[in-house]
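The values are calculated or read from the model by the stated rules, or taken from the named source; none is laboratory data. Computed from a predicted structure; not experimentally measured. All Cβ positions, glycine included, derive from the backbone under ideal geometry; neighbour counts span all protein chains shown. Areas reflect the complete protein model, heavy atoms only, side chains present, ligands, DNA and RNA absent. Shrake-Rupley method; radii C 1.70, N 1.55, O 1.52, S 1.80 Å.
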Amino acid sequence: MKLVDPSGKEVTSKENKRAKELEKQLDSKIEKLLEPVINKIKLSGAQLPQQQFMQLTSAGHQMLFNRIVFNLLIKSGVEDISEVLTEDDIEELSTSLKNQLQIVDPSEQGGNAPDNQP
């Protein structure tokens, strides 16, 4: 986690005890959030592939961050999301997300695409 000091200089959690403590607290909350799901998987005897576990963890992080942001917006008196998120923000993020997407041509998959099956 990185914090910015009042002058705008970035401070890493290794350099900042407050950030380090916040990081520990967040880790604890994420563990608490995921614990029931992990226990359910263990009790069922199912195996969770590493990729799916990473997706689950990522979803948990996203849920917590969304809730943190919503709570901060409410506490700071924001009544309309456009006060903190513009159409330019959406366009910029959409472009960034689109640029991260890699589309695979089915003909380059070596015949594994459903269209290539007899």
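Data table
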| quantity | calculated |
| --- | --- |
| Residues satisfying the stated conditions in segment 41-88, i.e. of a type in the set (Asp, Glu) and exposed (fewer than 10 other Cβ atoms within 10 Å of the Cβ) | Glu79, Asp80, Glu87, Asp88 |
| Subset of segment 11-40 (residues that are at pLDDT 85 or above and open to solvent by less than 50 Å² (accessible area, probe 1.4 Å)) | Leu26, Ile30, Leu34, Ile38 |
| Close pairs from segment 61-78: first farther than 19 Å from Lys32 by Cα, partner open to solvent by less than 70 Å² (accessible area, probe 1.4 Å) and not in a helix (DSSP H, G or I), Cβ under 9 Å, at least 6 apart | Leu72/Val78 |
| Selection status of Leu3, assigned to a helix (DSSP H, G or I), at pLDDT below 90 and surrounded by 14 or more Cβ atoms within 10 Å (Cβ to Cβ) | no |
